[in-house]
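To keep things clear, I will list the structure first and then write my remarks on it.
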Amino acid sequence: MSNLISEELDLEAEAVLDPSIQFERDAANTRPPKAIFLTGATGLLGAYLLQSLLQQTNADIYCLIRSDSPDSGKQRLQRHLKSYSIWTDSFNSRIFPIIGDLAKPLFGLSTQEFDQLSQTIDLIYHNGAQISFIRPYKALKATNVLGTHEIIRLAGLNKTKPVHFISTLAVFFNQSSTTANALISETEIPKYDAGLKGGYKQSKWVAEELIRLAQERGLPACIYRPVRISGHSQTGITQNFDDFFFRLLKGCIHLKQFPRLDIAITLLPVDYVCEAVIQLSLRKAPFGRAFNLLNPTPMPWKSFIKIFMSWGYELQEVNLDDWMCSLQEYSRKYPQDQFLKLLYFFMRKPSNLLAKKPKVETTQTLQELEALGVFCPEINEKLLSSYISYFQAIDYFPHP
Ligand SMILES: NC(=O)c1ccc[n+]([C@@H]2O[C@H](COP(=O)([O-])OP(=O)(O)OC[C@H]3O[C@@H](n4cnc5c(N)ncnc54)[C@H](OP(=O)(O)O)[C@@H]3O)[C@@H](O)[C@H]2O)c1
């Protein structure tokens, strides 16, 4: 059904920007910013963006948040940052919850509230999104596409505010780029391709198109495209338990087997993504750029599994078909185990982790980040031990 829906979609026609939204071409760019609007602060990357913006600017941070009242919204944010061990009470006075929903026109705010917000803020980080690898485009459109549309409306109202938009590298992962050994250059724009499957990728592609349309009208904006984001490099903390890769490892522990795979593992710690976005966005550089963020030193699956097994997990190597059979058998035996059922579903999808990905050129971005003192943590024993010990501590991975 979901495939049928995506077949019928005309994604290019989905990117329509209200003609009344306009921008001042010579907008005064307030540096340093005094008031910043951030979406998605209750998510994985958003928690760290909020912390960094509080630490690295003197601005007040207005956070769009789904909650009943500003008080409960603030408590939600506090609890969220505490769960990542990054809360400090000194943050309190500079956080202003804006109770709203990306999926609603004007975020569900009244016209006056929206107008007031547009006058108060002078910079926008649009990071909030609904991430789902099973839901179709139509289910994600309101939050991911229309939400971005309302962000652009906010950016143009009363005075032009620059926008930093968090997209995903997956907007390039269409059928032609994954089959033709494609190389994605640093300046490449993700063109429309009917082979772009999956509602999430499609919705982020349309959202990017909206940002590009707004840029043509004069919006100062940058786009950041990380690949799959993993936990903090030092603490290992994440709350993204849907992550396909860690699900795969958990599946290997359950089955006491790992599949023979010819893939390289790339992990992108959330603290690196956050620091990259913050440093690139706060420097004095022209807008209009897009940055592809991925780990320059992927690790072969076999080496990765070797380190994983050194933690005491005894796993037997089998070929992928046998591993899939074991997984299917295990899922049949334990039908109530949704976790393994979903893993089986993901592993069968042609666009999963095992699918061939295009090569992505990142030399210039990496050089710029290095000049700013931002280095991507290497995927090595130290990084993996942060993740494995965290997953063991919270009983996500059983102890061997
Ligand atoms: N995670 C990855 O591996 C990855 C990879 C590439 C790109 N990205 C991009 O990075 C950004 C952050 O990802 P993440 O992993 O940090 O996501 P996340 O943990 O799932 O957090 C999503 C955030 O968006 C908010 N949100 C969702 N729907 C909303 C709505 N209708 N109204 C208001 N807020 C809403 C959520 O609020 P609630 O708490 O209320 O749900 C939450 O704060 C996203 O734009 C994503 O597309 C992520």
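The values are calculated or read from the model by the stated rules, or taken from the named source; none is laboratory data. Everything numeric in this text was worked out from a predicted model, so none of it was measured. Heads up, the Cβs are rebuilt from the backbone with ideal geometry, glycines too, and the neighbour counts pull from every protein chain shown.
For this structure, a couple of remarks:
- Among the residues examined, Glu368 does not qualify as among the charged types (D, E, K, R), at negative phi and loosely packed, with under 12 Cβ neighbours inside 10 Å.
- From the list Ile131, Ile189, Ile152, the lone residue that is assigned to a helix (DSSP H, G or I) and either in contact with a helix residue (DSSP H, G or I) (Cβ under 8 Å, 6 or more places away or on another chain) or within 16 Å of the ligand (Cβ to nearest atom) (or both) is Ile152.
- Residues satisfying the stated conditions in segment 316-369, i.e. at pLDDT 90 or above, among the hydrophobic types (A, V, I, L, M, F, W, C) and more than 20 Å from the chain's Cα centre (by Cα): Val318, Leu320, Trp323, Met324, Cys325, Leu327
- Enumeration of residues in segment 313-323 that are over 13 Å from Lys256 (Cα atoms) and out of contact with any Leu (no Cβ under 9 Å at 6 or more places or on another chain): Asn319, Asp321
- Per-region count, segment 349-384, residues touching a residue at least 24 places away in the same chain (Cβ under 8 Å) and assigned to a helix (DSSP H, G or I): 9
- Some residue of segment 138-145 being at pLDDT 95 or above, within 9 Å of the ligand (Cβ to nearest atom) and under 20 Å from Leu268 (Cα atoms): no
- Scanning segment 84-123 for residues that are more than 25 Å from the chain's Cα centre (by Cα), away from the ligand (no atom under 16 Å from the Cβ) and not in a helix (DSSP H, G or I) yields a single hit, Ser110.
- In segment 59-83, the residues that are surrounded by fewer than 21 Cβ atoms within 10 Å (Cβ to Cβ), touching a residue at least 60 places away in the same chain (Cβ under 8 Å) and within 15 Å of the ligand (Cβ to nearest atom): Ser83
- Residues in segment 194-210 that are more than 30 Å from Thr297 (Cβ to Cβ) and away from the ligand (no atom under 11 Å from the Cβ): Ala194, Gly199, Gln202, Val206, Glu209, Leu210.
- Per this entry, Ala139 is not counted among residues that are outside any helix (DSSP H, G or I), touching a residue at least 40 places away in the same chain (Cβ under 8 Å) and farther than 20 Å from Lys34 by Cα.
- Condition met for Lys161 (assigned to a loop (DSSP other than H, G, I, E, B), away from the ligand (no atom under 16 Å from the Cβ), modelled with pLDDT of 95 or more and basic (Lys, Arg)): yes
- Residue match in segment 38-48 (condition: within 16 Å of the ligand (Cβ to nearest atom), in contact with a Cys (Cβ under 6 Å, 6 or more places away or on another chain) and part of a strand (DSSP E or B)): yes
- Scanning segment 222-236 turns up one or more residues that are among the polar types (S, T, N, Q), modelled with pLDDT of 95 or more and within 12 Å of the ligand (Cβ to nearest atom).
- Search result, residues across segment 8-21 that are in contact (Cβ under 8 Å) with a residue 60 or more places away in the chain and either of a type in the set (Gly, Ala, Ser) or touching a Lys or Arg at 6+ places or on another chain (Cβ under 6 Å) (or both): Ala15, Ile21
- Segment 241-264, residues that are more than 14 Å from the ligand (Cβ to nearest atom) and not in a loop (DSSP other than H, G, I, E, B): Leu248, Leu249, Lys250, Gly251, Cys252, Ile253, His254, Leu255, Gln257, Phe258, Pro259, Ala264
- Given (1) surrounded by fewer than 23 Cβ atoms within 10 Å (Cβ to Cβ); (2) in a helix (DSSP H, G or I); (3) modelled with pLDDT of 95 or more; (4) touching a Lys or Arg at 6+ places or on another chain (Cβ under 8 Å), index of the condition Ser203 fails: (1)
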